[in-house]
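What follows is calculated from the coordinates using simple rules that are stated; it is not laboratory data. The structure presented is a predicted model; accordingly, all values stated were derived computationally and were not measured. Cβ sites come from the backbone with ideal geometry, for glycine too, and all protein chains shown count toward neighbours.
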Amino acid sequence: MDSKNNTIPKLILAVTMLSIIALAGCTTGNMDYTERTDVVMTYKTYGGFVMISHAIQELRVEHGEATFTVSYPNGTINYKVTKKISEEQYAQLIKTFYDNDFLSMDNKYTTPSNVHIVDAGIGEISLSAAGINKTVVIDPYVQEYIPNKLKKINSAMNDMNMFLLNLDENQAKAIAENFIEHSAATYKFDGGNLQFKSMVVQESYPETYVLTYSFMSSQAGYGDRSEMFSAQVMTQHELRIAISRGEVVSAVTDGRYNEITGSMIGQGSNDDDGTEMPPPPQEFPVHLEAVTYQPMQCQQTPWQKWYADGNIQFVKEPTDEGLLIAYYSQTQNITVSGYSKLQNHGIVSCSACDVCSTDYYIQASVSPSDAAKMENLGWSRVMQ
């Protein structure tokens, strides 16, 4: 065969091999994605000992905005906050992922085999774009056992989350004044001379901002008075606005009129300062049954023995309630809540080991299906 004819297939093979090598390099941590605008970064936590209303928490950062969502275990959203972010914030976060070799990290980080931490949940950090899809799982989500580079990424995502939830005075005023001008009926009807008075940050999670304004109305009364006869008299009002998670959650004029519901505040308001705060979100509705356990003198309960005998660790020193919840979750796959330690009344007390019961008993709540399991484990159902 002609040597020229042999050269062409060899060249094609060489080019093909180089292309494969180049593509393979793109699937490793060598791909530079720092100049792209289609990168989406997420930070999700779930599980562990948290309120059921905060069971799933997820931060999503994309070009131009970031969103933080808190959900119940079934995915029902408790609350959601979205906020615009700058080009610089977006680019800096991407750079943090890139500089710390996120695409080259292991897919999962966990504790050593002899360490078991039961009160921490699971964390997931992800980065995706066209041709990129990487998720790193941290189980359990404990800072001590993750590499330093991943800690830096985790810290940057935490900082972004705080940026979403926390407001400076100008940001809070912008939200409040937008509400006043477009949604506060008393002000919209005939209000003017709006004056900012003060802002107080209440200790809560997330933080709640209470802003106080004054304004003048040309007529007496509240709300939209277009179909009412109102006295033509200059009236000064005080309006208090409460903001949480980036939204107005309360707006009360003179401690008497709810600008959100459009109604006068009656005896249902129990807030002395006239600011009606929203009720806490209802817990995820689940029917539960009460069960009780009677400990014996000088004997450890099953959950105490489990903690004493096993290689079990907690992020912080556990209470008896925490041990009980962790024990049944980890060893029996049973979700326990509503822990109470109650006194035994009307029972003659004694202190003989292994024979006499303690002067207290434990009561807890489980699902109906788990109540039968608890009976087999030495618990008793509480008769309704």
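With a ≥ b ≥ c the root eigenvalues of the C-alpha gyration tensor of region 169-264, is it rounded (a/c under 1.5), prolate (a/b larger than b/c) or oblate? Since a/c reaches 1.5 and a/b is larger than b/c, the shape of region 169-264 is classed as prolate. Sorted ascending by nearby beta carbons within 10 Å, beginning with the fewest, Leu194, Leu211 become Leu194, Leu211. Under the convention that each Lys and Arg Cβ holds +1 and each Asp and Glu Cβ holds -1, the size of the dipole of region 169-264 around its Cα centre is about 100 debye. Phi-derived couplings, Karplus 6.51 cos²θ - 1.76 cosθ + 1.60 at θ = phi - 60°, listed residue by residue for region 183-194: 10, 7, 4, 4, 6, 4, 5, 8, x, x, 6, 5 Hz, with x used for Gly and Pro. The stretch between Glu207 and Asn107 holds 32.6 nm of extra length on full extension. This uses 0.36 nm per residue minus the Cα-Cα distance. For region 45-82, the residues whose amide N sits under 13 Å from a probe point set 7 Å from the Cα of Ser367 along the beta carbon direction are 73-74. On the basis of the beta-carbon distance and an R0 of 22 Å, Thr135 and Met31 show a calculated FRET efficiency of 0.90.
Counting charges near Leu194 (Lys, Arg +1; Asp, Glu -1) among other residues having Cβ under 9 Å from its Cβ returns a value of -2.
Overall, region 40-165 carries a charge dipole of about 120 debye about its Cα centre when +1 sits on the Cβ of Lys and Arg and -1 on the Cβ of Asp and Glu, all other atoms neutral.
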